Amino acid sequence: MSMSWRWFLVVSCASLAHSQLPSPSTQAPLAASNTNVDADGLGILRRYALLRQADRDVQDVLHAVEHADAQVWQIGPSHVDVYFERPKKRLDLPIPEVGAIPLNSIDDLYPNIASGKLGSLANSTYHSVYHPLYEIEEFMQEMASAYPNLVDLINLGHTSEAREMLAMRISRGDSELRKSDGTAAKKTGFVITGAQHAREWIATSTALYLAHALVADAAEDFALSSWLDYFVSEPCAMTIPVADSQPLRRPMQDFYVIPVPNPDGYVYTWDSDRLWYKNRQNIGAAETCVGIDMNRNWGYKWKAKSKLPSFSESTNGSYESTDADPCSPWYPGHRPFEAPEVNNIANFITTLPSLKAFVDLRSYGQMREPPFPRIWSGEKF
């Protein structure tokens with residue numbers, strides 16, 4: 001499958017969220033905090049400082065993580081984040097722990113409050129809490145009913161567990177304009193996806209908030225409805241140079257919002273395992289584990305091997321590319337586009353006229369990741 005997109009961004013939701021989104025206390029990056037938090041029965045994520053930026057330090061930590069039956073979530077230039085299923089566990093190393101975030105229970109994240117009608121963006125309480133899949137689908141249906149001239153629902157296909165995948169097309173103007181073959185008049189497409197990784201709930205919440213903001217009255221705070229008429233961007237390395245360096249006024253936009261690109265995994269995080277990462281696909285009769293990391297199943301530069309943070313006695317703890325483990329959260333599948341969810345989204349995107357941007361929302365860090373070619377070519381973003 002060949003695709004040529006102008007933009008493909010992976011954006012951390014931490015940089016998009018504001019006071020009306022779910023509480024940042026459950027999503028904030030690990031900074032200095034009370035490291036004596038030891039709730040019973042729930043896991044905990046701990047950050048350890050690397051006193052020296054040396055391979056030996058990282059190798060020691062990886063070996064200790066393996067010994068503690070824990071999981072490495074991130075290795076940074078000066079820290080390592082480690083998840084423990086038992087909250088009182090710690091690494092048996094003389095290195096400082098500089099932060100900790102306990103895993104919240106579903107009851108803490110989903111208080112018993114009425115979500116009410118869709119309402120205005122400013123007065124809605126919907127975006128103050130997380131929502132299970134059925135409430136998200138009700139929200140999407142209500143969006144289409146409340147704004148029939150702006151919002152259409154699109155069925156993208158089905159998941160491996162036969163759930164429907166839905167997208168919202170948010171658009172203003174003549175529907176025939178979207179079908180036009182004339183490149184000058186054709187409206188530009190802008191795709192936003194929520195949590196490909198099932199546990200990253202705030203990515204889905206952010207996608208829902210952005211969808212609501214796109215239909216909100218222009219007089220409301222944080223409304224983005226003017227973007228349906230035009231989109232203004234500052235000149236940068238990704239845009240065509242303009243002699244006077246003035247902002248570029250683009251034509252009318254069609255926004256396509258896919259709040260839950262991984263419905264099966266998302267439901268599983270509510271029903272069974274809050275930290276589930278992959279989809280829920282059966283990957284083979286002989287396999288004891290299920291699921292594919294949707295992020296790593298896209299076709300561009302797909303690899304059957306992974307270079308992941310793990311300790312190897314044979315290489316004295318160094319990183320190495322190994323056969324992907326089907327039980328790993330980062331399992332890329334047997335082949336690209338094997339995950340039906342990824343295949344559905346990819347097929348849908350190829351049908352969009354004049355697609356200009358694909359923004360994939362994530363959580364955990366505060367970063368903006370440009371497309372692979374721009375990273376490797378050293379092009380400024």
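The values are calculated or read from the model by the stated rules, or taken from the named source; none is laboratory data. All figures in this text were calculated on a predicted structure; none of them were measured in a lab. Virtual Cβ from ideal backbone geometry, glycine too; neighbours counted across all protein chains shown. Ligands, DNA and RNA are excluded from the accessible area calculation, which covers all protein heavy atoms including side chains. Shrake-Rupley method; radii C 1.70, N 1.55, O 1.52, S 1.80 Å.
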| task | Give the number of residues within segment 353-363 that are touching a Gly at 6+ places or on another chain (Cβ under 7 Å) and open to solvent by less than 20 Å² (accessible area, probe 1.4 Å). | result | 1
| said: Among the residues of segment 101-111, are any open to solvent by less than 50 Å² (accessible area, probe 1.4 Å), among the aliphatic types (A, V, I, L, M) and modelled with pLDDT of 75 or more? | reply: yes
| field | Residue satisfying condition, being open to solvent by less than 50 Å² (accessible area, probe 1.4 Å), of a type in the set (A, V, I, L, M) and over 19 Å from Ile192 (Cα atoms), within set Val257, Val267 | value | Val267
| Subset of segment 60-99 that is more than 22 Å from the chain's Cα centre (by Cα) and assigned to a strand (DSSP E or B) - its residue that is modelled with the lowest pLDDT | His79
| task | Identify the residue in segment 118-175 that is small (Gly, Ala, Ser) and in a strand (DSSP E or B) and, among all such residues, is nearest to Val342 (Cα to Cα). | result | Gly157
| Sole exception among (1) out of contact with any Leu (no Cβ under 8 Å at 6 or more places or on another chain); (2) at pLDDT 65 or above; (3) not in a helix (DSSP H, G or I) for Glu379, by number | (2)
| Within segment 330-349, is even one residue polar (S, T, N, Q), over 24 Å from Val65 (Cβ atoms) and either surrounded by 20 or more Cβ atoms within 10 Å (Cβ to Cβ) or at pLDDT below 90 (or both)? | yes
| field | Test result for Val232, modelled with pLDDT of 85 or more, over 25 Å from Glu85 (Cβ atoms), within 26 Å of the chain's Cα centre (by Cα) and of a type in the set (A, V, I, L, M) | value | no
| Mind checking whether some residue in segment 209-218 is surrounded by 19 or more Cβ atoms within 10 Å (Cβ to Cβ) and not hydrophobic (A, V, I, L, M, F, W, C)? | yes
| request: Would you be able to say whether some residue in segment 170-193 is of a type in the set (Lys, Arg), surrounded by fewer than 20 Cβ atoms within 10 Å (Cβ to Cβ) and either at pLDDT 95 or above or closer than 24 Å to Val267 by Cα (or both)? | output: no
| note | Within segment 142-159, restricting to residues that are at pLDDT below 95 and among the polar types (S, T, N, Q), the one that is farthest from Gln253 (Cα to Cα) is Ser145
| Could you count how many residues in segment 198-229 are at pLDDT below 90, part of a loop (DSSP other than H, G, I, E, B) and within 23 Å of the chain's Cα centre (by Cα)? | 3
